[in-house]
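What follows is one structure encoded as structure tokens, with my remarks underneath.
The values are calculated or read from the model by the stated rules, or taken from the named source; none is laboratory data. Only a predicted model underlies this, so the values are computations on that prediction, with no experimental measurement involved. Every residue, glycine as well, gets a Cβ built from its backbone with ideal geometry; the counts of neighbours run over all protein chains shown. Surface areas here come from the heavy atoms of the whole protein model, side chains and all, with no ligands, DNA or RNA. Shrake-Rupley method; radii C 1.70, N 1.55, O 1.52, S 1.80 Å.
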Amino acid sequence: MTSEKLIQILKANPFVLAPMAGITDSPFRSFMREQGAGIVISELVSSHGIEYSSGRTFDLMHFDEDQRPIGIQLFGEDSEIMARAASCVEERGADFVDINLGCPVPKVVKKGAGSALLRDPGFLRKYLETIKRAIRIPLTIKIRTGWDAQCINADDVVRAAHDAGVSWVAIHGRTRAQGYSGLADWDYIAQVKAKSPLPIIGNGDIHTSHKAVERLKTSGCDGVMIGRGCLKNPWIFKEAHLLLANDHAILEDVRPAARFQASLPRFRELLSRRADERYSQLQLRKFSAWFASGYPYSREFKTKLFKTEGADNILNEALGYFERVSAYVQADTSQEAFLMGGHG
Ligand SMILES: Cc1cc2nc3c(=O)[nH]c(=O)nc-3n(C[C@H](O)[C@H](O)[C@H](O)COP(=O)(O)O)c2cc1C
């Protein structure tokens, strides 16, 4: 995959699935591609894990062909180890390498990885150059707006990335210090985009398809990245396409039962392609509980889910629940705290 081709794909479908540890695994990425995400990225993978040939790390790098274009996200403080890890990603046939420069987690930051690398754009440029030299596939980065309110420097980081040969910058509109509190600063993202020599993907708090299209248009970004939004509404990507094609598109008033009858068994199938029963069970429980957000009796449903054993039983429980609430339209729960921690 060339950089030009990757950007062309982004322009054709600007709705990108955000990397999320424990969530955007191989089955979920396939599921979201089928549901309209244009580009998908793995959860973060440790460059040290690759260096030590850890089986669990290689497992995280697995992807299926139907996910292309697929980026594998790496993190680590040492540019030489990162360069070797990036080369391993290329050998495994991924379409691009993404670097995590947004992780706020103390364990990662203390070692100088994740968002810690944002503090010195001069050093960052050399770090990225070293990684870029090791691969022919595109290199992309995902950052935060800065380290804290005193150091909001995404524009400097974008310039450093440009000089190092990076293909795009995805910006989560919060500083490292903010964690997941407050709101993503889309005005700042738009300002950075206006001056950027590189394509910019905006990210943060896109909970609905209307918001996805509005953010894309008003920020001027080349794409938007959606994370938590697709965990409540897995059709957010498809809906956003419809709205982008026609401002006044009337989104199909599909009741949850109809949509879930079609897609939950498919998700279960994608899980069983690779995961064992235990893992399938865990994921089906987790995702069904998130998908129930904003529907009535969801608390009762979640309690029941966590008492149900066996992936097929969980699937049936979920299908029964969505049938039961099929007369309802999902309520807006975007103001409620939801997954307020993660690696980017
Ligand atoms: C549970 C969870 C795990 C995450 N893991 C990663 C990760 O591995 N790499 C990364 O760059 N960002 C990670 N993030 C951050 C998201 O990619 C995204 O930047 C953030 O959630 C804001 O976007 P959203 O409001 O659309 O969710 C994670 C977020 C969450 C909630």
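Remarks
- Selected residue (criterion: nearest to His172 (Cα to Cα)) from residues of the range 1-42 that are part of a loop (DSSP other than H, G, I, E, B) and without any contact (Cβ under 8 Å) to a residue 60 or more places away in the chain: Thr24
- Tallying residues that are within 20 Å of the chain's Cα centre (by Cα), in a loop (DSSP other than H, G, I, E, B) and of a type in the set (D, E, K, R) within the range 268-299 yields 0.
Table: residues versus (1) under 30 Å from Asp163 (Cα atoms); (2) acidic (Asp, Glu).
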| site | (1), (2) |
| --- | --- |
| Lys195 | yes, no |
| Pro199 | yes, no |
| Thr208 | no, no |
| Thr218 | yes, no |
| Asp222 | yes, yes |
| Leu271 | no, no |
| Arg278 | no, no |
| Phe291 | no, no |
| Leu305 | no, no |
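- The one condition in (1) surrounded by fewer than 18 Cβ atoms within 10 Å (Cβ to Cβ); (2) under 28 Å from Gly102 (Cα atoms) that Ala289 fails to fulfil: (1)
- Qualifying residue in the range 70-79 (condition: small (Gly, Ala, Ser), more than 16 Å from the ligand (Cβ to nearest atom), open to solvent by 20 Å² or more (accessible area, probe 1.4 Å) and more than 23 Å from Lys5 (Cβ to Cβ)): yes
- Test: residue in the range 314-330 that is touching an Asp or Glu at 6+ places or on another chain (Cβ under 6 Å) and outside any loop (DSSP other than H, G, I, E, B): no
- Filter pass, Phe322 being touching a residue at least 12 places away in the same chain (Cβ under 8 Å), aromatic (Phe, Trp, Tyr) and closer than 16 Å to Pro27 by Cβ: no
- Top-ranked residue of the range 20-45 - restricted to ones that are surrounded by fewer than 20 Cβ atoms within 10 Å (Cβ to Cβ) and within 12 Å of the ligand (Cβ to nearest atom), ranked as nearest to Gly341 (Cα to Cα): Ala21
- In the range 240-249 there is no residue matching the filter, namely being more than 30 Å from Lys217 (Cβ to Cβ) and part of a helix (DSSP H, G or I).
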